[in-house]
Amino acid sequence: MRVVVLTGAGISAESGVPTFRDANGLWEGHRVEDVATPEAFERDPVLVQRFYDARRRALASVDPNPAHRALARLEAELGDDLLVVTQNVDDLHGRAGTTRLVHMHGELRRALCTACAARPAWHDDLIDGPPCPACGERALRPDVVWFGEMPYETDRIERAVATCDLFVSVGTSGAVYPAAGYAALAAAVGARTLELNLVPTMGIVAFDEVRAGPASVVVPRWVDELRRSRAG
Ligand code: BJW
């Protein structure tokens, strides 16, 4: 059975990483739409670099929660038949042990050189304009996908969604495309669709099944069920 799991900010909420569109989703009064665009970066690079430097620093004090760890256990069970597609730019899936992973909106712990397109691993602040390790230009920005930019590895994701048997959406509001369209794509090819969310969303397509609850509870429960059903 081929499974695609799409995750969003809700899976990391209980690790202490704020979501975007819930009550505490603002950063110093700014909506994500006001800081996560190329136009915002052009207009006020200091503000945008501060936003991402603060979030990169905050990663040092958060850890994967039982939902991230359950998906790593699922990979141990399904191997290449699982693909986890995350919209999150934190590194909690990787730290939990997931390797079949696409960071479609990029990663906080990577920089992107606007001069040479290198994407070096990056753990420090970018606000002081450090040189790119590849070309030496002081042209590094966070390696994250802003509105109007092309998400990473969309061909690979769409191939996986179009050939999966089960599509699971975890902790995402379904407000941002192209990720918001993947459940509809999966349904169109006959895959079963399941939503795991604190509060069920009303997406463009109704999921076959919806389980409401915190990710740290509903994800391990679902993973354990799936593993038991395969064993027995
Ligand atoms: C829990 C929980 C708990 C809470 N347990 N659950 C008009 C129509 C259609 C599309 C467009 C349009 N105008 C423009 C577009 C395109 C645009 C878009 O979608 N805009 C919308 C606003 C409409 N998209 C783009 O520009 C994308 N690029 C693109 O489309 O390129 C062209 C293309 C064409 C064809 C194929 C491919 C490409 C790029 C989008 C980039 C998004 N970037 C951001 C910022 C990344 C960097 C950063 O982190 O700062 O990505 S925006 C932000 O939203 C971030 C997230 O990944 C993304 C999604 O948010 P998410 O994860 O869903 O979080 P929330 O907060 O919204 O929801 C949290 C959920 O968790 C809630 O449901 C809670 O209930 C739940 N939850 N606690 C379980 N404990």
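Answer rounded, prolate or oblate for segment 96-232, using the Cα gyration tensor with square roots of eigenvalues a ≥ b ≥ c: rounded when a/c is under 1.5, else prolate when a/b is larger than b/c, else oblate. In terms of gyration-tensor shape, prolate. Residue ranges 117-130, 7-20 sort as 7-20, 117-130 when ordered by packing (mean number of other C-beta atoms within 10 Å per residue, highest first). Over every Cα atom in the chain, the radius of gyration and the widest Cα-Cα span, Dmax, amount to 17.8, 58 Å. Note that segment 98-104 has calculated 3J(HN,Hα) couplings of 6, 10, 7, 9, 10, 8, 5 Hz, one per residue in order, obtained from phi through the Karplus relation 6.51 cos²θ - 1.76 cosθ + 1.60 (θ = phi - 60°); glycine and proline are x.
By DSSP, the beta bridges lying fully in segment 37-171 are antiparallel in about 65 percent of cases. Please label the shape of segment 176-232 as rounded, prolate or oblate, based on the square roots a ≥ b ≥ c of the eigenvalues of the alpha-carbon gyration tensor (a/c under 1.5 means rounded; beyond that, a/b larger than b/c means prolate, else oblate). Oblate shape, in that a/c is at least 1.5 and b/c is the bigger or equal ratio. The residues packed around PRO130, meaning those with a beta-carbon under 9 Å from its beta-carbon, carry a net charge of -2 if Lys and Arg are +1 and Asp and Glu are -1.
Other residues lying with their Cβ under 12 Å from the Cβ of ALA13 contribute a combined charge of -2, Lys and Arg counting +1, Asp and Glu -1. Ranked by the mean number of other Cβ atoms within 10 Å per residue, highest first, peptides 144-156, 64-76 order as 64-76, 144-156. Our compactness index for segment 14-118, the C-alpha radius of gyration over the empirical 2.2 N^0.38 Å, is 1.20. For the chain, DSSP calls about 25 percent of its internal beta bridges antiparallel.
By the rule of a second cysteine Cβ within less than 4.7 angstrom, the chain holds isolated cysteines at CYS164.
Any read-out appearing in this document is the output of simple, stated calculations on the displayed coordinates, not a laboratory observation. Owing to the predicted nature of the structure, the values given are computational and were not obtained by experimental measurement. Neighbour counts are summed over all protein chains in view; Cβ atoms, including those assigned to glycine, are modelled from backbone coordinates with ideal geometry.
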